[in-house]
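Worksheet: the structure to be examined is printed underneath.
The values are calculated or read from the model by the stated rules, or taken from the named source; none is laboratory data. Because the structure is a prediction, the values reported are computed rather than measured. Every residue, glycine as well, gets a Cβ built from its backbone with ideal geometry; the counts of neighbours run over all protein chains shown. These accessible areas exclude ligands, DNA and RNA; they are computed on the full protein's heavy atoms, side chains included. Shrake-Rupley method; radii C 1.70, N 1.55, O 1.52, S 1.80 Å.
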Amino acid sequence: DRESRVGSMQAHATTTQLPFERFAEGNPNVEVNRSFWVTNALVVTVDTDRIPLQRLGAVDNVERIHENYNLSLATTTTATATSQSGDSKSLTSPQPLMTQQPVAPQLEPTTTQTTDGLAQINVANAWKYTRGGSTSIAVLDTGVDPTHPDIDIDPSNWNDWDTDGSPRDTAPQDYGSHGTHVSGTAVGGNASGTHIGVAPDAELYHGAALNNCGSENKCSGTVAQLYAGMQWAVDKEVDVISMSLGGGPNNYIQDLVPAVRNAENAGTVVIAAAGNEGADTSISPGNIYGSVSVGATTADGAIAGFSNSDTISASDWEDPPDDWPSTYTVPTVAAPGTYIYSSLPDDRYG
């Protein structure tokens, strides 16, 4: 069960990280900033003038050393503060994912208008059976505006981290605007008279993993912040993690593989953007086997020209797990992802 699997991860990390922690305790030139168990990793600051990085690799149980690099939003170049494009958070498939008739009792039908994106994936029919109740979604993004009339988030469902992945004592807020838009697409209501969210009855969690925002809503965060967000979501027993991000030193980020696999093994579904660079390419974490990678379609149902797609060989990875297939394709699903109308900070829409 989830509790025993998470407990096993935590125990394994505690045991295997102990030799390095002892090494750091006796060395003033090495400082451990943060430890993780969703991936077995430590964030470390080192005075490389006194301690060469090769010395760290000689400590028992150390397998890899890498920079705490940045990840960024998976947005198109045409995205603006008032017209977000490239956000593909609604899930569907060209073929039905379930062919049997639902057995849940029907709910009262909705007569409220929906956005074009929700209409395309036929949410009104799905809402006869469920609107996402008893389900939780953790959006890891730029933050969220908690006062928006279509956003409902408990303050305890919020978290924020510094570049080392350590929690910051902040209140819910959006450091850009993308996070509010994505959160509205996932769980937003109909305060404007138009439903904007796929699962309006789901419980929203939001982690500001991309809180370094500059001009034009260009936001990024470190891989440690992403680890922290994923670990927080798993620890909170959230059902779904949604990430519209990618980057790192290359398109195949080996370091993210354990975090995705461990989150999935703990019972949390990992959903990630396919990316917005076009065909024959992909980005991590969306191209990690086991994650649900989401591509974008246009208003007429065609695949958006910017939407990533790729056939991936396990050999493309530095160290693919033994249980991966030799080849697989991304994205897993494609859904409305151009000019999606949703919530924006300061009670706006766009």
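Restricting to bridges with both residues inside the chain, how much of the DSSP beta-bridge set is antiparallel, in percent to the nearest 5? Provide the component values of the computation, followed by the final result.
Working: 24 of 52 bridges.
Once the DSSP bridges in the chain are tallied, antiparallel ones form about 45 percent.
Sort 204-214, 43-53, 9-19 by packing, meaning the average of other beta carbons within 10 Å per residue, with the highest value first.
Averaged packing, sorted descending, gives the order 204-214, 9-19, 43-53.
Just want the answer: with Cβ charges of +1 for Lys and Arg and -1 for Asp and Glu, which residue in LEU56, LEU71, PRO28 is farthest toward the dipole's positive end in the chain?
Farthest towards the positive pole: LEU71.
Roughly how many nanometres apart are two label points built 7 Å out from the Cα toward the Cβ at ASP322 and THR281?
3.6
On C-alpha positions alone, give me the angle between the axis of helix 2-25 and the longest principal axis of the chain, in degrees, nearest 10.
Tilt relative to the chain: about 30 degrees.
Compute the distance from the alpha-carbon center of region 314-350 to that of region 244-274, in whole Å.
First find each Cα centre; the distance between them is then 10 Å.
Under a point spin-label approximation (7 Å from Cα along Cα-to-Cβ), what is the THR135-ASP164 distance to one decimal in nm?
Taking the simple label geometry, THR135 and ASP164 are separated by 3.8 nm.
With a Cα-only, solvent-free Debye model of the chain, what are the log10 I(q)/I(0) values at q = 0.09 Å⁻¹?
Here the Debye-derived log intensity ratios amount to -0.49.
Starting from the Cα of ASP1, step 7 Å along the direction of its Cβ; do the same at ASN27; then give the gap between the two resulting points in nm.
4.2
Tell me the per residue accessible area of the chain using a 1.4 Å probe; a whole number in Å² is fine.
Numbers: 16320 Å² over 350 residues.
The answer is 47 Å² per residue.
On a 0 to 90 degree scale, rounded to 10, what angle separates helix 178-187 from the longest Cα axis of the chain?
That works out to roughly 60 degrees.
Take the solvent-accessible surface of the protein heavy atoms, probe 1.4 Å, and return the percent of it on the chain that carbon and sulfur atoms account for. Mind dumping the intermediate values first?
On the way: 7520 of 16320 Å².
Carbon and sulfur together cover 46 percent of it.
Calculated from DSSP H runs of 4 or more alone, at -39500 (n - 2.57) each and per residue, what is the 222 nm mean residue ellipticity of the chain, nearest 500?
Working: 7 runs with 70 residues, N = 350.
-6000 deg cm²/dmol, from helical runs alone.
Who wins for biggest fluctuation among VAL333, VAL59, VAL123 in a Gaussian network model of the chain, springs between alpha carbons below 10 Å?
With Cα springs under 10 Å in the chain, the top fluctuation among VAL333, VAL59, VAL123 is at VAL59.
For HIS66 and ALA302 in one chain, what is 0.36 nm times their gap in residues minus the Cα-Cα distance, to one decimal in nm?
Numbers: separation 236, 0.36 × 236 = 84.96 nm, distance 3.92 nm.
Difference between extended and current length: 81.0 nm.
Pick from SER242, SER291, SER326: which is most flexible by mean-square fluctuation in a GNM of the chain where alpha carbon atoms under 10 Å apart are linked?
SER326
For region 116-189, max minus min Cα coordinate along each principal axis, in Å, sorted largest first?
43, 24, 23
Using a 10 angstrom cutoff on alpha carbons, build the Gaussian network for the chain and name the most mobile of GLY133, GLY275, GLY197.
With Cα springs under 10 Å in the chain, the top fluctuation among GLY133, GLY275, GLY197 is at GLY133.
Once both axes come from the Cα atoms, what is the angle between helix 223-235 and the longest principal axis of the chain, in degrees from 0 to 90, rounded to 10?
70
Just the projected area, averaged over all directions, of the convex hull on the alpha carbon atoms of region 211-319: how many nm²?
Working: hull surface 31.6 nm².
Average projection, Cα convex hull of region 211-319: 7.9 nm².
Among the trypsin sites (Lys or Arg not before Pro) within region 1-31, which fall in a DSSP loop and have no more than 14 other Cβ atoms within 10 Å of their own Cβ?
Working: sites: ARG2, ARG5, ARG22; in loops: none.
Sparse-neighbourhood loop trypsin sites (Lys or Arg not before Pro): none present.
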